[in-house]
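Take a look at the structure set out below.
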Amino acid sequence: MCSDFDVIATRELEATREGIQGARQVVVEIGKPVPDTASGGDWACEYRISGLTKEHRMRVFGVDSIQAIQNACIAIGGALRGAHDLHGSP
């Protein structure tokens, strides 16, 4: 992962579970897209999800910076839908 994570967008969410009191705060951050020097023209966009059992951090790619951001948003949605530990106790 890129050590220089320049956040361009943040969203704070509350994860709740029916029948359990309290909520867990989950923070989603999207990093600034950067040219991916290894690919020869693609762009990379890193994102981070904090507040789960362990931090989820991933780097996704696109043919340009807009597509990299779009792919990051799609990946974030999938990661949140699949995060079973969101439903653990807060």
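Some notes on this structure:
- For the residues Arg59, Arg17, Arg11, the requirement of being of a type in the set (Lys, Arg) and farther than 17 Å from Gly77 by Cβ singles out Arg17.
- Any hit, the range 25-39, residues being more than 16 Å from the chain's Cα centre (by Cα), small (Gly, Ala, Ser) and part of a loop (DSSP other than H, G, I, E, B): yes
- Of all residues in the range 12-20, none satisfies being part of a loop (DSSP other than H, G, I, E, B), in contact with an Asp or Glu (Cβ under 6 Å, 6 or more places away or on another chain) and open to solvent by 90 Å² or more (accessible area, probe 1.4 Å).
- Filter pass, Ile76 being out of contact with any Ser or Thr (no Cβ under 7 Å at 6 or more places or on another chain) and part of a helix (DSSP H, G or I): yes
- Count - residues of the range 40-53 that are within 22 Å of Thr16 (Cα to Cα) and in a loop (DSSP other than H, G, I, E, B): 3
- In the range 34-52, the residues that are crowded, with 18+ Cβ neighbours inside 10 Å and of a type in the set (D, E, K, R): Glu46, Arg48
- When the range 57-75 is filtered for residues that are touching a helix residue (DSSP H, G or I) at 6+ places or on another chain (Cβ under 7 Å) and closer than 16 Å to Ala9 by Cβ, the ones remaining, listed by number, are Met58, Val60, Gly62.
The values are calculated or read from the model by the stated rules, or taken from the named source; none is laboratory data. Since the model is a prediction, treat every value here as computed from it, not as a measurement. With ideal geometry, Cβ positions are generated from the backbone for all residues, glycine too; neighbour counts draw on all protein chains shown. Side chains included, ligands, DNA and RNA excluded: accessible areas come from the protein's heavy atoms. Shrake-Rupley method; radii C 1.70, N 1.55, O 1.52, S 1.80 Å.
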